[in-house]
1. Which trypsin sites (Lys or Arg not before Pro) does segment 42-121 hold that lie in a coil by DSSP with at most 15 other beta carbons within 10 Å?
2. Tell me which residues come under 5 Å, amide H to amide H, from Val89 once H is placed; ignore anything under 5 positions away on its chain.
3. Please compute, for the alpha-carbon atoms of the chain, the extent along each of the three principal axes and give them in descending order in Å.
4. Let a ≥ b ≥ c be the square roots of the eigenvalues of the Cα gyration tensor of segment 120-212; is it rounded (a/c under 1.5), or, if not, prolate (a/b larger than b/c) or oblate?
5. Give, rounded to the nearest 20 debye, the magnitude of the charge dipole that segment 241-315 has about its Cα centre when Lys and Arg contribute +1 at Cβ and Asp and Glu contribute -1 at Cβ.
6. Can you compute the helix-only [θ] at 222 nm over the chain? Use -39500 (n - 2.57) per DSSP H run of at least 4 residues, normalise by all residues, nearest 500 deg cm²/dmol.
7. What nm value, rounded to one decimal, do you get for the distance between Ser265 and Ala152 when each label is placed 7 Å out toward the C-beta?
8. Go through segment 143-179 and name the trypsin sites (Lys or Arg not before Pro) that are in a DSSP coil and have 13 or fewer other Cβ atoms within 10 Å of their Cβ.
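Every number in this text was worked out from the coordinates using simple rules, so none of it is lab data. As the structure is a prediction and not an experimental result, all values here were calculated from the model. Positions of Cβ are generated from backbone atoms using ideal geometry, with glycine treated the same way; all protein chains shown enter the neighbour counts.
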Amino acid sequence: MSQDTSSTPANIGQGPRVAAIVVAAGQGIRAGQPLPKQFANWRGKPVVRHSVEALAQAGLAPILVMVPHGGEELARQALSGIAGVQLSVGGKTRQETVRLGLEVLAADKPDRVLIHDAARPALSPGVIGRILEALDVSKAVIPVLSVVDSIAHCEDGASGPVMGAPARREALRRVQTPQAFHFPEILEAHRNWTAATDAGDDAQVAQAHGLEIALVEGDEALHKLTFASDFQPSAPPVRVGTGYDVHRLVEGEELWLCGIRIEHSHGLSGHSDADVAIHALVDALLGAIGAGDIGQHFPPSDPQWRGVSSDRFLTHAGKLVANAGYCLGNADITIICESPRLGPHRDAMRSRLADILNVDPAVIAVKATTTEKLGFTGRSEGIAAQAAVCLCRM
């Protein structure tokens, strides 16, 4: 028996009456969630709500959501406030669930029906529109995607699976949902299914009934949520970090800035070569990926880092950024000192940093400024550096 979750049905206006069945009757145990995955939270709301909202916004009604036995209350909570939604208990298999849903809708006699898996939440208006348009000239329509990887058959070898004959990926497609049909035909196809095993999807049921299945473009975002990793927060597309460092100027030391040795009466004092600009840049990179600071990775108390070139620190930070799945969008370094004049060295500094990080020098800016003889930098007691970076997800 179906249950209404709202009292105001959607209306698609003039034209064929289009209903929808959302298959949400599975247990979803592989997703590792504390409740069936269709009711688990994904991007701020229950999985099933995403596609049901999309179907409702497209004007489909009724939208029959097939739920597991005992899952009615979870479904009511997940779908509260969406117009035109009905609930019905599904069967033991997906095919049985769809057939039961079609029988429920038969009393309403829609002209057409979209059958969608709740585990594919990112249902866009574009996909729905392409499907509905294709239904004007075809009795069955499915969204598909091209196969981009090489494909081969798997065969049994003496010690396990081996590569068999190659398959022509140009002739293959990845099948998605919603799959759409003229209602009388898909109802009859399910009623007449006689095979001993279940079909993989409704298109196979329709094809066995003699229907030609039209193909329209699907959507990469419309992938099926299956594993626990699908519910983990996705990495942000951009991350930002800042760094700041100071070293004292002393007579007799070498002066290294941005990996370049600069002739000067004084150099920077520190455990390594005291390249204050690189140190600030390393801290910015580490901060952007939440990996601590330079002191955690290269402790001053560790004698192995005494006098070492700071380009090793920057190489290490660059590898950590790449391992985290990011690349350098841009870096902006400001060196604060009264002397020496750094303008003549700016291009060499940018090129050296780019070489260490294996990036285009165009993404790195090096600037110099003074403090108008104020503070420790103004008194030439030391040099400070600031760095800001923007990382982009690869």
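1. Values: sites: Arg43, Arg49, Arg76, Lys92, Arg94, Arg99, Arg112; in loops: Arg43, Lys92.
In loop regions of segment 42-121 (DSSP not H, G, I, E or B), the sparsely surrounded trypsin sites (Lys or Arg not before Pro) are Arg43, Lys92.
2. Distant-sequence amide H within range of Val89: Val67.
3. Rounded to whole Å, the extents work out to 93, 59, 38 Å.
4. Details: a/c = 2.68, a/b = 1.53, b/c = 1.75.
Judged from the Cα gyration tensor, segment 120-212 comes out oblate (a/c at least 1.5, b/c at or above a/b).
5. On the way: 4 positive and 11 negative charges, 26 e Å.
With only Lys, Arg, Asp and Glu charged at Cβ, the dipole is about 120 debye.
6. Numbers: 11 runs with 103 residues, N = 394.
Value at 222 nm, helices only: -7500 deg cm²/dmol.
7. For the pair Ser265/Ala152, the computed spacing is 7.1 nm.
8. Values: sites: Arg168, Arg169, Arg173, Arg174; in loops: Arg168.
In loop regions of segment 143-179 (DSSP not H, G, I, E or B), the sparsely surrounded trypsin sites (Lys or Arg not before Pro) are Arg168.
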